[in-house]
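Note sheet for the following structure.
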Amino acid sequence: MKLAIDCRALRTSPSGIPNFLISAINGIAQYNPTWDLFLFANDEFNEDLKNKLLGRKNIKIIIIPLKVLPNYAIVWYCLKTKSLLVKFDIDLFWAPAFLLPPFLPKNIRTLVTVHDMVFKQFKNTMSFMNRFLFELLHDQSVNKADLLWSNSYYTKKGIEEFFPDRKCKTVFTGFFINSAVFKPINLTSDEKLALIAKYNLVEKFILFVGTLEPRKNLIFLLSLMPELATLGFSLLVIGAKGWGETSIKEVVEAPTYPQDKVNFTGFVSTDDLVKLYAMASVYVSTSLNEGFGMPQLEAMACGCPVVSPHNSAMIEVVEGAGETVKTWEKPDWIATINQVFDNRNKYQEAGYKRAEAYQTETTIKKLTQYIEQYG
């Protein structure tokens, strides 16, 4: 089997999709030593991500940029992919981030991973460029794919609802985090002190991880902070600036807002992120919709209890291991956060068990069987 993979995501900083992709590549290469994996991209990979790839002979990095507009990854994807697939005589092409390029050879099978139904349900929360690309490629990618991989049963249900006439009738469902990275750790006193100084932390702090864009609904979490601050909590927000109007600045700059209790860090290294998960009192998401809930699962794997809304895939990821809040009433959220904090050890143990259900090896084994049966 010659499997080609769209690896443009590996050019960027380590985050949800790139970390998932690295774990998937390593898992597939280990479990299927007779398969050759061709990692296609238009530019060099991020050094941290590249270092996480296993040094196996069946993992082959192919970086061949366009001579014209070499920095435009989407142009490269649409114009170069076909020739690369033909050049390396590929059997199966995997698009791990929704979209297939046009003009693919008909004899090459395709696998598309669908992470959510945001384009169908929350289109207005997408950036203009992503929305434009999805308008061009999303629906035909899902409809024409020979194989489909959904990250959650919630996403699978969305595929079945919005794409009843799709070519692929049997959708594989499964996901994982990199358990070699996101796992329980014991921090030394010096490590804790260094993090406290670096991120201006207090003993009781809430952690939020996510791009600062409307669907993440960070504005609601920020609205809880005046009361949470009186209970001793601070908030650490990790995430790059996204798109859309979020009103974050107006809220935190209000005269009576406890600005000293909220800290925005932007991007942090994976090493720091794991340590912050381990140190945080509670991880809180207030997202309007998630196709999976990667930060929630990462947090649980590192020993941080989780509070999330009772919606979308966060129900299947969090419920029974953390707490999901069924209303948007502020008192309900305040009470739930306190409950989880007061019973941190109980939720910590439940979170470890939930994370064990999302192991890479188990999912890759089932994915391989799916590809061999339907691909």
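List of remarks:
- Residues of the stretch 65-88 satisfying the condition of being among the aliphatic types (A, V, I, L, M) and either modelled with pLDDT of 95 or more or surrounded by 14 or more Cβ atoms within 10 Å (Cβ to Cβ) (or both): Leu66, Ala73, Ile74, Val75, Leu79, Leu84, Leu85, Val86
- Residue check, Phe103 among the hydrophobic types (A, V, I, L, M, F, W, C), out of contact with any Phe, Trp or Tyr (no Cβ under 9 Å at 6 or more places or on another chain) and assigned by TED's automatic domain parsing to the domain that holds Lys80: yes
- Output for the stretch 323-375, where each listed residue is touching a residue at least 12 places away in the same chain (Cβ under 8 Å), more than 30 Å from Leu221 (Cβ to Cβ) and surrounded by fewer than 14 Cβ atoms within 10 Å (Cβ to Cβ): Glu361, Lys366
- Some residue of the stretch 275-290 being closer than 21 Å to Gly174 by Cα, under 16 Å from the mean Cα position of the chain (by Cα) and not assigned by TED's automatic domain parsing to the domain that holds His115: yes
- Within the stretch 127-142, restricting attention to residues that are free of Cβ contacts under 8 Å to residues at least 12 places away in the same chain and hydrophobic (A, V, I, L, M, F, W, C), the residue that is surrounded by the fewest Cβ atoms within 10 Å (Cβ to Cβ) is Met129.
- Candidate set: the stretch 27-51, residues that are in contact (Cβ under 8 Å) with a residue 40 or more places away in the chain and buried (at least 20 other Cβ atoms within 10 Å of the Cβ); chosen: the one nearest to Ser179 (Cα to Cα): Gly27
- So Lys60, is it basic (Lys, Arg) and touching a helix residue (DSSP H, G or I) at 6+ places or on another chain (Cβ under 9 Å): no
- In the stretch 157-180, the residues that are assigned to a helix (DSSP H, G or I) and surrounded by fewer than 19 Cβ atoms within 10 Å (Cβ to Cβ): Lys157, Glu160, Glu161, Phe162
- Residue within the stretch 327-350 that is of a type outside the set (A, V, I, L, M) and either farther than 28 Å from Thr286 by Cβ or within 19 Å of the chain's Cα centre (by Cα) (or both) present: no
- As a summary of the residue check, Phe220 satisfies the conditions (1) touching a Cys at 6+ places or on another chain (Cβ under 6 Å); (2) in a helix (DSSP H, G or I); (3) not basic (Lys, Arg) except for the one numbered (1).
The values are calculated or read from the model by the stated rules, or taken from the named source; none is laboratory data. Just so it is clear, the structure is predicted and the values come from calculations on it, not from any experiment. FYI the Cβ positions are ideal-geometry reconstructions off the backbone, even for glycines, and counts take in every protein chain you see.
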